[in-house]
Amino acid sequence: VQLQASGGGLVQPGGSLRLSCVVSGLRLSNYHWGWFRQAPGKEREFVAVISWRSGGIPKFADSVKGRFTTSRDIAKNTVYLQMNSLKDEDTAVYYCAATDSVTWSRNYDYKWWGQGTQVTVSS
């Protein structure tokens, strides 16, 4: 199993980025797909999750609700995190992760992790 995250970079406040998580070894439909982030000196925190196993309704942390969305491309076996209206406080390393657990909002719920991609929001 491999999760390959990419798409990070440097963006100005108010800008957008789309992160990709290319998955090999797992079917998208069978798992919860989470996004987490970790800023310097802080703990890794939940950002978003979507599970097509449970209807495909995404859930987001309050800090990103209304600005971030998540989607998938089945043909590419890829999950995306679209980030709009980025703020300085969104600066972090972003990780994609997968779980077959019934819970999905905590780090330890997840069994498989990508390597992380750096997002820096700065003017």
Residue by residue through the stretch 100-113, which ³J(HN,Hα) values in whole Hz follow from phi under the Karplus form 6.51 cos²θ - 1.76 cosθ + 1.60 (θ = phi - 60°), with glycine and proline marked x? 10, 6, 6, 10, 8, 9, 10, 3, 6, 6, 9, 9, 10, 10
Could you go through the stretch 75-89 in sequence order and give the Karplus-derived ³J(HN,Hα) for each residue, using 6.51 cos²θ - 1.76 cosθ + 1.60 with θ = phi - 60°, rounded to whole Hz, and x for Gly and Pro? 4, 9, 6, 10, 10, 10, 10, 8, 10, 10, 6, 5, 10, 3, 6
May I ask you to give the percent of accessible area on the stretch 30-98 that is carbon plus sulfur, with a probe radius of 1.4 Å? 47
What shape does the stretch 1-72 have by the C-alpha gyration tensor, where a ≥ b ≥ c are the square roots of the eigenvalues, rounded means a/c under 1.5, and otherwise prolate means a/b greater than b/c and oblate the rest? prolate
Could you please put GLU45, GLU89 in sequence from largest to smallest accessible area, using a 1.4 Å probe? GLU89, GLU45
Inter-centroid distance (Cα atoms) of the stretch 1-52 relative to the stretch 89-117, Å: 7
How do the peptides 64-72, 96-104 rank, highest first, by the average count of neighbouring beta carbon atoms within 10 Å per residue? 96-104, 64-72
Whole number in Å², please: accessible area per residue of the stretch 2-110, 1.4 Å probe, ligands, DNA and RNA not counted. 50
Semi-axes in Å, largest first, for the stretch 84-123 (Cα gyration tensor, √(5λ)) are 26, 11, 7
Mind checking which aspartates and glutamates have their C-alpha under 19 Å from LYS87, skipping anything on the same chain fewer than 8 residues away? GLU43, GLU45, ASP62
Give me the mean projected area, in nm² to one decimal, of the convex hull enclosing the Cα positions of the chain. 6.8
If each of GLN115 and ASN30 carries a label point 7 Å out from its Cα toward its Cβ, how far apart are those two points in nm? 2.5
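The values are calculated or read from the model by the stated rules, or taken from the named source; none is laboratory data. Since the structure is predicted, the reported quantities are computational estimates derived from the model, not experimental observations. Methodologically, a virtual Cβ is constructed for each residue, glycine included, from the backbone with ideal geometry; neighbour enumeration extends over all protein chains shown. When the accessible area is computed, the model is the full protein with side chains, heavy atoms only, and any ligands, DNA or RNA have been set aside. Shrake-Rupley method; radii C 1.70, N 1.55, O 1.52, S 1.80 Å.
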